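The values are calculated or read from the model by the stated rules, or taken from the named source; none is laboratory data. Keep in mind the model is a prediction, meaning the values are calculated, not measured. Positions of Cβ are generated from backbone atoms using ideal geometry, with glycine treated the same way; all protein chains shown enter the neighbour counts.
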């Protein structure tokens with residue numbers, strides 16, 4: 001029963017903090033196969049859960065603004081109105097596009113989805129990566145399968161790399 005609890009613990013940890021899971025699994029004494037299988041399955045299931053949950057979150061936030069307008073006190077609404085006016089004034093007076101801004105926009109359009117897919121398991125959490133993919137690249141049908149492949153490949157690399165680093169391989 002203790003082995004099953006370790007696998008379950010690694011499974012749930014990999015749904016949130018994917019990068020640190022092999023370290024934790026090694027500390028609690030889980031072997032390489034149990035770690036890799038539970039970590040990869042937990043990461044994929046966690047990503048899919050957060051990806052579909054973020055759709056509900058994005059749809060529900062569209063309806064919060066009209067409700068907030070009715071329920072918020074007048075002082076907060078006036079403060080927000082002044083803030084919006086100042087922001088529109090600043091935006092009118094700013095410089096439109098520089099070469100740097102154009103480069104950033106071009107890189108984001110061409111490589112943004114792939115950067116999110118590659119960096120989500122190791123640098124960004126699965127929660128934030130799933131939200132960003134849903135918000136900006138939901139119209140691209142290859143986004144979710146590529147992310148699942150990225151989670152599998154990077155999970156295998158993380159587990160083998162860590163086990164090789166500590167000399168347990």
Taking into account only those residues within segment 56-80 that are outside any helix (DSSP H, G or I) and either closer than 27 Å to residue 135 by Cα or at pLDDT below 75 (or both), which is farthest from the chain's Cα centre (by Cα)?
72
All-but-one check, residue 111 against (1) modelled with pLDDT of 90 or more; (2) loosely packed, with under 14 Cβ neighbours inside 10 Å; (3) within 27 Å of residue 136 (Cα to Cα), failing number (1)
Run down 153, 160 and say which single residue is exposed (fewer than 14 other Cβ atoms within 10 Å of the Cβ), over 15 Å from the mean Cα position of the chain (by Cα) and not in a loop (DSSP other than H, G, I, E, B).
153
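Name the residue, out of 100, 140, 134, 96, that is part of a helix (DSSP H, G or I) and loosely packed, with under 14 Cβ neighbours inside 10 Å.
Going through 100, 140, 134, 96 in turn, just one is part of a helix (DSSP H, G or I) and loosely packed, with under 14 Cβ neighbours inside 10 Å: 100.
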Among the listed residues 132, 158, 146, 126, identify the single one that is free of Cβ contacts under 8 Å to residues at least 24 places away in the same chain, within 27 Å of residue 36 (Cβ to Cβ) and in contact with a helix residue (DSSP H, G or I) (Cβ under 6 Å, 6 or more places away or on another chain).
132
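Of the residues 22, 121, only one is touching a helix residue (DSSP H, G or I) at 6+ places or on another chain (Cβ under 8 Å), at pLDDT below 90 and crowded, with 16+ Cβ neighbours inside 10 Å; which?
Working: 22 fails: at pLDDT below 90.
Residue meeting the stated conditions: 121.
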If you check residue 116 against the conditions, is it crowded, with 18+ Cβ neighbours inside 10 Å, in a helix (DSSP H, G or I), under 13 Å from the mean Cα position of the chain (by Cα) and without any contact (Cβ under 8 Å) to a residue 60 or more places away in the chain?
yes
Can you name the residue in segment 32-55 that is surrounded by 14 or more Cβ atoms within 10 Å (Cβ to Cβ) and over 16 Å from the mean Cα position of the chain (by Cα) and, of all such residues, is nearest to residue 135 (Cα to Cα)?
41
